[in-house]
Amino acid sequence: MKVLVVNAGSSSLKYQLIDSETENVLGKGLCERIGIDGRIEHKLPDGRKMKKDAAMPNHAEAMKILIDVLTDKEYGCIESMDEISAVGHRVVHGGDYFSGSVIVTDDVISKLENCRDLAPLHTPPALMGIAGCTEVMKNVPQVLVFDTAFHQTMPDYAYMYALPYEAYEKYKIRRYGFHGTSHRFVSAEMCKILGKTEGTKIITCHLGNGSSITAVKDGKSVDTTMGFTPLEGLEMGTRCGSIDPAIVTFLMEKENMTPSEMSNYLNKKSGLLGVSGISSDSRDIEDAIAKGHEKAILANNIMVYEIKKYIGSYAAAMGGVDAIVFTAGLGENNPDLRKAALSDMEFLGIKIDDEMNKKAFRQSDIIKISTADSKVDVYVIPTNEELVIARDTAELIGK
């Protein structure tokens, strides 16, 4: 079965065509500047690339161009659209409606519409992507895979906030968690390595421009750092992470900010960018640290401290930890960050192999970076959210 995996943004559409039987990527790319002028970049496994400008007034037109490229005689990877058995969509927020992946129906779309307020930046593009696929591929089944679904196993005392209960009843304010597809993939890989799922206590660290850490017990999420929105938790590229909520009203009064301006301040102007004053990109921060830039050093130290703090708190919450996994852009490619975050953690039995840690950089392999006598296994496991989406899609359609 060939599954087209789609991740729709407001003006973009990422895609991968995956053979669900071999799990090979047949082709992948990005449609961007949708609604502006339009451009597509397509890549094949053998390294060949194609870029071209094409009018994309909406997501449906982007889908038509995408299909044309996939079936192109020179750069395509299939003979015709008929070879595509299903489409799998990445959807950021499923609220508390969805605890797993689902086949698209009118009822599913109706419930997803109800999630607009919960993720106003992400849900409308997802709906546009679904509508675009429906228009172009009318008889092809579609599946939705939610970032929030993996965290629906959290107990109520972990997902509820200590607000008046009516805030949950009226507005569904609770911890939802995100990056669930990534946490699910790498924790499952770690369970394979451990040789079991039941009885395991794993902490997964998805560290990138957006970051979250999850406590996974018996293969299920029991707590995670992101909350009602992806703003909570760790310091990130431009997000502040967890702060005293009173800071919000204090700054709004002092700076005469509107709610939207405050949201932009917390989501787009804070984090590594806000503290360092340099950049949201960790590579720029690393370069500045090498030059002794004090605010860059501080921004990095905040991130390191918070990773360490959450690992410790989740070990306490689960009554121990068997394994720690690092994944995503920073988690997979920043040995210094991993080493710093796990330093002085010998009390948990964590010991890092410096040489193996240094080798875990821009590699597609799973690498163990803990020593043989470490009581906690520490691994770098490259994430593969698209493969999870393809697997779920194939499984549901196969049923």
For this session: Could you tell me whether segment 106-239 comes out rounded, prolate or oblate from its Cα gyration tensor? Rule is a ≥ b ≥ c as square roots of the eigenvalues, rounded for a/c under 1.5, then prolate if a/b exceeds b/c, otherwise oblate.
Result: oblate
Exercise. Equivalent-ellipsoid semi-axes (√(5λ), Cα gyration tensor) for segment 31-156, whole Å, largest first?
Worked result: 29, 16, 14
Exercise. Any idea what % of Cα-Cα pairs in segment 304-355 are farther than 15 Å?
Worked result: 46
For this session: For segment 102-119, take each phi angle, set θ = phi - 60°, evaluate the Karplus expression 6.51 cos²θ - 1.76 cosθ + 1.60, and give the result in whole Hz per residue in order, putting x for glycine and proline.
Result: 9, 7, 5, 9, 4, 5, 5, 4, 4, 5, 5, 4, 5, 8, 4, 5, 6, 9
Problem set entry | Distant-in-sequence amide H partners of GLY9 (H built 1.01 Å from N, under 5 Å) | LYS14
Problem set entry | Percent of Cα pairs exceeding the 20 Å cut-off, where the set is segment 194-385 | 57
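At 0.36 nm per residue, and after removing the present C-alpha to C-alpha distance, how many nm does the segment from ASP82 to SER99 gain when stretched out fully? The partial results should precede the final answer.
Values: separation 17, 0.36 × 17 = 6.12 nm, distance 3.08 nm.
Length gained, ASP82 through SER99: 3.0 nm.
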Problem set entry | Label-to-label distance, nm, for residues given as ASP53 and LYS73 (7 Å Cα→Cβ offset) | 2.6
Exercise. Counting only residues 5 or more places away or on other chains, whose amide H sits under 5 Å from the amide H of HIS93 once H atoms are built in the peptide plane?
Worked result: ASP147
Problem set entry | Equivalent ellipsoid semi-axes - Cα gyration tensor, the chain, angstrom | 34, 26, 23
Problem set entry | Rounded, prolate or oblate (a/c below 1.5 giving rounded, otherwise prolate when a/b exceeds b/c) for segment 94-138 by Cα gyration tensor | oblate
For this session: For segment 55-124, evaluate the Debye formula with one uniform point scatterer on each Cα (no solvent term) and list log10 I(q)/I(0) at q = 0.12, 0.27 Å⁻¹, rounded to two decimals.
Result: -0.47, -1.17
For this session: Specify the inter-centroid distance of segment 50-94 and segment 248-318, based on alpha-carbon positions, in whole Å.
Result: 37
For this session: Tell me which residues come under 5 Å, amide H to amide H, from VAL378 once H is placed; ignore anything under 5 positions away on its chain.
Result: ILE324, ILE369, SER370
Exercise. Can you give the angle from 0 to 90° between the axis of helix 123-136 and the longest principal axis of the chain, with both taken from C-alpha atoms, to the nearest 10?
Worked result: 20
Exercise. Using 1/(1 + (r/R0)^6) with R0 = 25 angstrom and r between the beta carbons of THR153 and SER10, what's the FRET efficiency to the nearest 0.05?
Worked result: 0.25
Exercise. Taking Cα atoms, how many degrees apart are the long axis of helix 385-398 and the longest axis of the chain, rounded to 10 and kept between 0 and 90?
Worked result: 50
Problem set entry | Nearest-ten-degree value, helix 259-268 long axis tilted from longest Cα axis of the chain | 80
For this session: Measure out, as a whole number of angstrom, how far apart the alpha-carbon centroids of segment 162-217 and segment 122-147 sit.
Result: 25
Problem set entry | Among the listed pairs LYS111/LYS138; LYS339/LYS359; LYS64/LYS268; LYS170/LYS201; LYS192/LYS351, those beyond 23 Å (Cα-Cα) | LYS64/LYS268; LYS170/LYS201
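Any read-out appearing in this document is the output of simple, stated calculations on the displayed coordinates, not a laboratory observation. This structure is a prediction, so every number in the text was calculated from the model and none was measured. Counting neighbours? That spans all protein chains shown, and the Cβs are built from the backbone with ideal geometry, glycine included.
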